[in-house]
Amino acid sequence: MNRSQLQKLTAKGEGPHVEFKQSTAELTGAMQALCAFLNAKGGTVVIGVSPKGKLVGQQVSDDTQQKIAAALERFEPPAPVRIEYVTLPNKQEVIVFHADSGGDSLPFTFECRPFERVGTTTRRMPQLRAYFPERKIEREDRLAIPPAALREILLNAVIHRDYSDPGGYVAIAVFDDRVEIRSIGKFPGGITAESLAAPHLSRLRNPLIAEAFHRTGAIEIWGRGTNRVIAECRRYGLREPDFREEGGAVVVTFWAEIGATAQVTMQVTMQVTMQVAMQVAMQVEAVLDAAQTPATRAQLQQAAKMANRDHFRKAYLRPLLEAGWLEMVIPDKPQSRLQRYRITSAGREALQKKKGGHKG
């Protein structure tokens, strides 16, 4: 794209397929717009345009390009985005991102969230469907399946999957009348499909992953998740879900009428939940691995590929210290600028079990 073509594009203003940003200080918003374009018919994001629509450009350094590359890596699946740099007479550069329609790869997510374009606005893709209950004129929004129940089963599928099987997986299938979630690995010893409807002992196949979710608050009470799932379905007016073993996997079936639009919504919701669940497990493993030798908070955070320092401290560093999987090198001075963190024997044992599962 040359300067003349760029001027013609910006003269038309923003629209359903065009978004302007003044600088890479708004890079997150630019990436969200690209995600929305990928989930539609494509579009263009231009960085270097003032709020009044004037081409102003910006300096583009190696650091700028690295930040752009890092942002593009936060798309799932990898985003087919083309980048052009157009130099202005003031020697500043305008950055132009072109996104084609995602086609068969839909939906795309940025930072584990799907986005869509409505007019000139980029927004989170709705994970709800509307309906009007009998005798009510107020609109209510809800999934075809209770979100809490869906989330619980997806977490269980990740936590209890048999990672010793190199061909193992978690699969989700959405039909017109049901949703099935399949996780490779049989029920643990002493657990049957029938026992899941009553209080039962929890047998952890992957304690490292399970403890990570427990410490972040995703799991509250061991052995009660399936009971809450059943209760949620009853409250929602649905029949109880089915639990069964089939072909070396545990299969959970939710029974509900799933229309064509709701199928897309369900697939987006479950994809995002699965991405977040798997990401938490991998980040905990990355932190423990990085702490094999004493490391700073910043080094551990970098290993987990997390940008928010406060979130990393609260959701990862502090729980791992409390669990006894990490320890401070200078425990008497927790705020010392020389503070380092290292893995403990308990943390090393948990990490070895997890890696042993990877190797099968």
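The values are calculated or read from the model by the stated rules, or taken from the named source; none is laboratory data. Since the model is a prediction, treat every value here as computed from it, not as a measurement. Positions of Cβ are backbone-derived with ideal geometry, glycine not excepted, and every protein chain shown enters the neighbour counts. In case anyone asks, the SASA skips ligands and DNA or RNA and just uses the protein heavy atoms, side chains included. Shrake-Rupley method; radii C 1.70, N 1.55, O 1.52, S 1.80 Å.
Flag not set for I181, criterion: open to solvent by less than 60 Å² (accessible area, probe 1.4 Å), modelled with pLDDT under 85 and of a type in the set (V, I, T). Filter the stretch 316-332 for residues that are charged (D, E, K, R) and either exposed (fewer than 14 other Cβ atoms within 10 Å of the Cβ) or in contact with a helix residue (DSSP H, G or I) (Cβ under 6 Å, 6 or more places away or on another chain) (or both); which is farthest from P207 (Cα to Cα)? This residue is D332. Does any residue of the stretch 13-26 turn out to be exposed (fewer than 12 other Cβ atoms within 10 Å of the Cβ), in a loop (DSSP other than H, G, I, E, B) and out of contact with any helix residue (DSSP H, G or I) (no Cβ under 8 Å at 6 or more places or on another chain)? Yes, that holds for at least one residue. Tallying residues that are among the charged types (D, E, K, R), modelled with pLDDT under 85 and assigned to a loop (DSSP other than H, G, I, E, B) within the stretch 100-130 yields 1. Just one of the listed residues (A231, A173, A144) is part of a loop (DSSP other than H, G, I, E, B) and modelled with pLDDT of 70 or more, namely A144. Annotation: of all residues in the stretch 68-84 being assigned to a strand (DSSP E or B) and under 14 Å from R113 (Cβ atoms), the one that is most open to solvent (accessible area, probe 1.4 Å) is E76.
In this entry, K136 is excluded by the filter for residues that are more than 23 Å from the chain's Cα centre (by Cα), open to solvent by 70 Å² or more (accessible area, probe 1.4 Å) and modelled with pLDDT of 80 or more. If you check V268 against the conditions, is it modelled with pLDDT under 85, within 23 Å of R178 (Cα to Cα) and either open to solvent by less than 40 Å² (accessible area, probe 1.4 Å) or charged (D, E, K, R) (or both)? So V268 passes the test. Of the numbered criteria (1) of a type outside the set (V, I, T); (2) assigned to a helix (DSSP H, G or I); (3) modelled with pLDDT of 90 or more, the one Q292 fails is (2).
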